[in-house]
Structures are given as C-alpha cells and as structure tokens.
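> This is the structure, below, for whatever I ask next.
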Amino acid sequence: MAATSVASAADMAPRYTKAPPPVVEVWNWTGFYIGGNAGYSWGRGHSDVSYFNTATGLPIAPPAGSITSAGYDMDGAIAGGQIGYNWQSNNWVFGIEADAQWSDEKGRGVFRCAATGIGGPCLPGLTFLPPGVTGTSLAVDTHLEWFGTLRGRVGVLATPRVLFYGTGGLAYGSFKTTGTMAGVTPAGVAVVSVASNDDIRFGWTVGAGVEGKITNNWSAKLEYLYMDFDSFRAGSFSLAPASAIRADVDTRFHDHVLRVGLNYTFGGPVVAKY
C-alpha cells in the first residue's frame with residue numbers, strides 16, 4: 001500500500017496558479033497643469049513721428065531731408081511660466097492656457113525734423129543756423145518689458161504620448177518708450193530733453209506647437225507664436241518751453257516667439273487591467 005501511494009503521488013499533475021493581469025498605463029491629457037518656459041523673440045517695431053509747434057498748436061510740415069518714419073529690430077531673450085487646463089476626447093485635446101513672460105526685447109529708431117537755411121519750422125524762432133546744426137533730432141528707444149497671452153488650444157494626438165496643436169487668442173504687453181530730443185533755442189543754444197512713457201497695450205496672437213509626455217504627469221513642449229500689436233501712441237516728446245516743438249510718436253509692433261517649456265499635470269496616472 002505504501003508503494004502504491006508513492007507511485008500515485010508521482011503520477012499527479014502539478015498545480016498552476018493563474019498569473020495576475022498585466023497593469024498598463026494609459027496616457028491621459030485631461031487636467032490642470034502648470035509649467036515654465038524660456039526662449040527667444042524676433043520682434044520688429046515701426047514708428048511714425050508727427051511734429052507740432054507748441055506755441056501755435058499747428059502741425060509742422062517737415063522739410064526735405066527729414067526722417068519721420070523708421071523700422072527697427074527688437075530681438076531678445078524671454079522667460080516665464082504658464083498655467084492651463086486640457087480636455088481629452090479620443091484623439092483630440094482641447095484646452096485653454098495663460099502665460100506671462102519677462103522680455104529683453106529692445107530697439108531704437110532715429111528721426112530728424114530737418115533745418116532750412118535760417119532754421120525753418122523745425123527750429124522755431126531761430127533766424128540763423130548755427131554751425132553743425134541739421135535740425136531737431138529725436139531718438140526713440142522701445143522696450144517690451146513683459147508680455148502675456150490668453151489662448152485656446154486645439155490638438156490631435158499623433159500617438160498617445162505626442163500632441164500636435166494650434167493655438168490663438170489675446171496678447172498684451174508693457175511697452176516702455178524713451179525719447180531723447182535735441183535741438184536749439186531761438187538764441188541758438190543747444191537743448192536736450194529726455195522723457196519716458198510706460199503703457200500696457202493689447203493685441204492678438206496665433207501659433208502652433210508639439211508637446212510630448214515624459215511621464216503621465218510631466219510633459220515637454222516646443223512652441224511658436226506670432227504676436228501683433230496694432231498702432232498705438234507711444235509718447236509725446238517736447239523741447240518746450242526752450243524750443244516750441246513737439247513730436248508725437250505712433251508705433252506698431254509684431255513679434256515671432258520660439259520657446260521650449262516643461263509642464264506638470266496634476267492628478268495621478270490612469271491604469272487599466274487586462
């Protein structure tokens with residue numbers, strides 16, 4: 001009997017336990033996110049200057065040789081942060097994003113209201129032309145100190161981890177305009193005036209980008225934006241009362257922004273069991 005029991009036990013099939021189902025991470029784009037970015041901007045400013053006689057209030061028709069319009073580059077580094085929310089529906093991702101950026105974009109335009117033989121309207125009250133004087137000059141320095149956007153985003157998933165998107169909406173920024181005006185008094189004495197003006201202006205922006213998941217919470221992006229600010233009064237600069245002349249400066253600005261960013265999406269990973 002003992003021998004029979006041993007033989008029966010040896011003939012029994014081994015027992016197997018069922019393996020647990022694999023846990024697969026599902027890439028999820030829905031949720032609030034916050035992040036930072038850095039990049040570079042290639043901006044372009046264009047300014048037009050109108051001259052006026054401050055004593056009469058009448059406009060001055062600049063003589064031949066005057067410079068009343070100038071374009072100038074405004075390039076510089078940028079850095080900032082963004083916050084937003086995404087909704088994922090199948091392969092589509094919809095969202096809204098706001099960002100704020102520090103900017104080092106600066107540029108200068110140089111203008112001149114030219115003199116005539118005895119001074120002319122650009123040198124009010126002057127009856128002779130001092131040696132070396134070519135008129136009343138104006139240098140305008142423009143600095144985009146910071147800017148921000150509020151945009152919608154619509155994208156499609158090329159893979160569960162890679163999103164291509166388009167974006168557009170509102171742009172706003174703080175422009176500091178400094179004018180350095182130089183001329184002469186009716187007595188022929190050189191005079192210089194420096195003044196600054198700060199203003200927040202509004203415009204619009206459109207762009208596109210690509211964003212990829214590093215983990216379910218972390219993602220990296222590369223983004224391009226075009227920004228356009230309509231013409232605005234950048235400042236009025238005057239030599240009065242030393243010389244009765246004023247220059248009004250109207251500026252238009254557009255910008256090309258290229259930046260990289262890193263986002264953190266709040267919420268835990270989504271898992272599925274099969």
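The values are calculated or read from the model by the stated rules, or taken from the named source; none is laboratory data. These figures come from a predicted structure and were not determined experimentally. Please note: Cβ atoms are built from the backbone with ideal geometry, for glycine as well, and neighbour counts cover all protein chains shown.
> Quick one: I96 ticks every box in (1) surrounded by 14 or more Cβ atoms within 10 Å (Cβ to Cβ); (2) farther than 30 Å from R161 by Cα; (3) β-branched (V, I, T) except a single one, so which number is it?
(2)
> Which residue, of G168, G209, G173, is without any contact (Cβ under 8 Å) to a residue 60 or more places away in the chain and under 14 Å from the mean Cα position of the chain (by Cα)? Before you say what the answer is, go through the steps one by one.
On the way: G209 fails: under 14 Å from the mean Cα position of the chain (by Cα); G173 fails: without any contact (Cβ under 8 Å) to a residue 60 or more places away in the chain.
Testing whether each residue is without any contact (Cβ under 8 Å) to a residue 60 or more places away in the chain and under 14 Å from the mean Cα position of the chain (by Cα) leaves just G168.
> Shifting gears a bit: Looking only at residues that are of a type in the set (F, W, Y) and surrounded by 14 or more Cβ atoms within 10 Å (Cβ to Cβ) in the range 22-46, which one is modelled with the lowest pLDDT?
Within the range 22-46, the match that is modelled with the lowest pLDDT is W27.
> On to the next question. Which ones in the range 73-116 are within 24 Å of V249 (Cβ to Cβ), touching a residue at least 40 places away in the same chain (Cβ under 8 Å) and more than 17 Å from the chain's Cα centre (by Cα)?
G109, V110, F111, R112, C113, A114, A115, T116
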